[in-house]
1. Quick check on B:L277: is it away from chain A (no Cβ under 11 Å), under 26 Å from A:P140 (Cβ atoms) and among the hydrophobic types (A, V, I, L, M, F, W, C)?
2. Assuming B:G186 fulfils every condition listed in (1) of a type outside the set (V, I, T); (2) surrounded by fewer than 22 Cβ atoms within 10 Å (Cβ to Cβ); (3) within 8 Å of another protein chain (Cβ to nearest Cβ) apart from one, which condition is it?
3. Say we look at the range A:173-199 and pick out the residues that are surrounded by fewer than 15 Cβ atoms within 10 Å (Cβ to Cβ) and free of Cβ contacts under 8 Å to residues at least 60 places away in the same chain; which of these is nearest to B:Y242 (Cα to Cα)?
4. What number of residues in the range A:231-268 are within 14 Å of chain B (Cβ to nearest Cβ) and surrounded by 24 or more Cβ atoms within 10 Å (Cβ to Cβ)?
5. Please determine, by comparing only the residues of the range B:214-229 that are more than 19 Å from A:P219 (Cα to Cα) and in contact (Cβ under 8 Å) with a residue 40 or more places away in the chain, which one is nearest to the other protein chains (Cβ to nearest Cβ).
6. Between A:F125, A:F106, which is more than 8 Å from chain B (Cβ to nearest Cβ) and either within 30 Å of A:I27 (Cα to Cα) or in contact with a Leu (Cβ under 8 Å, 6 or more places away or on another chain) (or both)?
7. Residues in the range A:260-270: is at least one free of Cβ contacts under 8 Å to residues at least 40 places away in the same chain, of a type in the set (S, T, N, Q) and in contact with a Phe, Trp or Tyr (Cβ under 8 Å, 6 or more places away or on another chain)?
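The values are calculated or read from the model by the stated rules, or taken from the named source; none is laboratory data. Just so it is clear, the model here is predicted, and its values are computed rather than measured. Methodologically, a virtual Cβ is constructed for each residue, glycine included, from the backbone with ideal geometry; neighbour enumeration extends over all protein chains shown.
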Amino acid sequence: MLALDLLINGLIYGCFYALTAVGLAMIFGVLKVVNFAHGEFFMIGAYTYVLVSLKLGVSPWIALPGAAIAGALLGWVVERLLMRPLYAGYASWGFMKDEYAVVVTFGLSLLLINLVDKTVGPYSFRGPSLVDFGRFALGPVMLTGQKAIAALVAVALMVGLALFIRRSVWGLQIQAVAQNRLGASLAGIDATRTTSLIFVISGALAALSGALLAPLVNPSPDIGAFPAIKSFVIVVLGGMGSIWGAMIAALIIGVAEAFFSVYISYDYRDAFGLIVLVAVLLFRPQGLLGEKGREL
Amino acid sequence: MIVSRIRSLATLAAAAGFALPALAQQNPILIGVSLTQSPPGSVVQGTQVKDGMEILKDIVNAKGGVLGRQIRILYEDNQGIPEKGRAAVEKLISSDKVVALAGGHQSSVCLAEIEVAHRLKVPYVNTNCWSDDVRKRGYPEVFNTSPYNTLVSSSMASTLATMGVKRVVAFAENTDYGIGQAKLTGEMLKQNAPQIEYKYETLDRTSKDFTAAVLPLRANPPDVIVLSMLPPAAYLVMNQVYEQGVAPSAKTILYDGAGLADYPDFWQNVKESGKYLLSFALYHPQMKQTPLATQIAAEYKKRTGSDINRLVLQAADSLELVIQGIETAKSTDADKLIKAMQTMKFDSLRGISNFSTAPGHSYQQWLEVPYVNYELTAEKQPIAQTVLIQAPGQKFDPAKIVRPK
């Protein structure tokens, strides 16, 4: 029974990890840079959800899309003001692209953490639950209403994202830009607009993940560190830039952490993800779905 | 001629009379405080320490300051990182020329900072570093108005023995404070109540999901789960222990060793999980209050809207020790200040009169830190309305413990 408990809880947390990590994977897939402020997109979503619902007295179901909008807006602003120099009209910066991205996104991360710390305060908040029922037993597994509903919403969002990428025109454009930015531009796709769209989606997904987890992880200004570190591991494990790889890797990490920490040692819980990563990279340096999975 | 000289002297004296307060203003006594003002350390604690210091400083300065000079506190943000704390203290002493340091509130940081204070021979007042190691180093510059792990662990071990429980599991955060407290509690139980089966699990304080540590307890719940953890991780453990139906329950008591309900953000983070929490605490309104403590409590309420808590008082007490040390020594010289603090009778906010000179965990420690044990019996319950299981100076009464049905 303990094993089933661990499996379910591991899968649930894997879904949350996946929701956060796919945005990071999408940005890497298109721009080939790592967004070190990705965790702060999560934090902004969590805070928007908590503050809108608690301070304004709005229903959590309205605060949830509010968080997504805040994350999307932040993503759009970040792309427009900070990331666009990477590919639009700043040719001489091309050779320092990686350094630029690291410095800018890391700086943004520190700015957002301290901004929230100074404006909202250092105290953590537990977000309101999306549903009224508390804990309940599902067979041998004990869950809370919030955890169950948040997991369902996370799965629905990932299915929606998969359909969007595979079926919609915008999704096909994203795939094209990820495969060959110049080629896509020559074919008439507005690569700049597509990149902007990716940041909007990435920001919205990370913010939604933050909002869904807000009742479970009690957001504080530094809350973004935890999903960011997990997301980096997941993106590398799944294959840099692969959305599907990120989803699979997230579930593997969630389940591995749950089992290893009980059957080996809880002390090294966060190290297990890294051990899995090293083990996989030894045999598949490109990650689980690298190369082939590079097409989005 | 003589009249003219007298006039000149009178003018000079008058000018000096006007200039002296200005000089005092320009030449304040500098006291250094290294605390956490930004993550990853406990900004919550840092904020309370700063609040306590600022209130007392304003009260003292409004009365004319110390030795005719105003007090000025220089704050440095150590982010809860030992290396940054060490650098902050080095700067405060070497560059800013502070006469003393106070405000340390995280054991790992304190342990790094006292090395610098000891090397540069500047007094260091420990506000809230519980780890016994801070005392065991035996540095004459370090004074401890803070609670200490041996006190908390011996009290908790005694409480567990009194409760007559058989099996106890402790969750300890992976810090000098958490591990130190969990280990000590185990050692004291082994000495005083060997029949109690005890084990502790170390949890990463930066983690957000502790379910895997909690799940194995569902099949075989212990009689008591002890929390040697600080917020925000402690809140998450409480929530997840509750969500899994492990504690608080009719079988299992959740026993907090850090006075969690004292934190202003306690109820907004734990909600229903906080009900039935048994708590070892260092502040309760029923404890004896000095007039200055009452004044600080009123001012804190005015400034923050929150009720006073033990950390604000501890912070004020550590600054008060430096102030009284300067008044007793009639000097800000470090050697004289240390000597004065070692020998004077300290008229504190919480009953500290002097410091022990015994080596080990007692060294320059205020030993008789008052404490209580109370239970939260309703959601959002203010501390004043909690059920006192052990009133100040009284024995622990397990019959008063209320368990969920």
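1. Numbers: away from chain A (no Cβ under 11 Å): yes; under 26 Å from A:P140 (Cβ atoms): no; among the hydrophobic types (A, V, I, L, M, F, W, C): yes.
Answer is no for this residue.
2. (3)
3. Within the range A:173-199, the first condition is being surrounded by fewer than 15 Cβ atoms within 10 Å (Cβ to Cβ), and the residues that meet it are A:179-180, A:182-183, A:186-188, A:190, A:193.
Those left that are additionally free of Cβ contacts under 8 Å to residues at least 60 places away in the same chain: A:180, A:182-183, A:186-188, A:190, A:193.
Values: A:N180: 51, A:L182: 55, A:G183: 55, A:L186: 58, A:A187: 57, A:G188: 56, A:D190: 52, A:R193: 47 Å.
Checked the range A:173-199; the qualifying residue nearest to B:Y242 (Cα to Cα) is A:R193.
4. First, pick out the residues of the range A:231-268 that are within 14 Å of chain B (Cβ to nearest Cβ): A:231, A:250, A:253-268.
Applying the additional criterion that residues be surrounded by 24 or more Cβ atoms within 10 Å (Cβ to Cβ) yields A:231, A:250, A:253-254, A:257-258, A:261.
Adding up the residues that qualify gives 7.
5. We begin by selecting, within the range B:214-229, every residue more than 19 Å from A:P219 (Cα to Cα); these are B:214-228.
Right, trim to in contact (Cβ under 8 Å) with a residue 40 or more places away in the chain and you get B:217, B:222-228.
Values: B:L217: 10, B:P222: 16, B:D223: 20, B:V224: 19, B:I225: 14, B:V226: 16, B:L227: 15, B:S228: 15 Å.
Restricting to residues being more than 19 Å from A:P219 (Cα to Cα) and in contact (Cβ under 8 Å) with a residue 40 or more places away in the chain, the top hit is B:L217.
6. Values: A:F125 fails: more than 8 Å from chain B (Cβ to nearest Cβ).
Being more than 8 Å from chain B (Cβ to nearest Cβ) and either within 30 Å of A:I27 (Cα to Cα) or in contact with a Leu (Cβ under 8 Å, 6 or more places away or on another chain) (or both) holds for just one of A:F125, A:F106, which is A:F106.
7. Of all residues in the range A:260-270, those free of Cβ contacts under 8 Å to residues at least 40 places away in the same chain come to A:260-261, A:263-269.
Narrowing the set further to residues that are of a type in the set (S, T, N, Q) leaves A:261, A:265.
Add one more test, that the residue is in contact with a Phe, Trp or Tyr (Cβ under 8 Å, 6 or more places away or on another chain), and what stays is A:261.
Looking for residues that are free of Cβ contacts under 8 Å to residues at least 40 places away in the same chain, of a type in the set (S, T, N, Q) and in contact with a Phe, Trp or Tyr (Cβ under 8 Å, 6 or more places away or on another chain), one finds at least one in the range A:260-270, hence yes.
Yes/no matrix, rows are residues, columns are (1) at pLDDT below 90; (2) within 11 Å of chain B (Cβ to nearest Cβ):
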site: A:F133; (1), (2): yes, no
site: A:A137; (1), (2): yes, yes
site: A:A184; (1), (2): no, no
site: A:D190; (1), (2): no, no
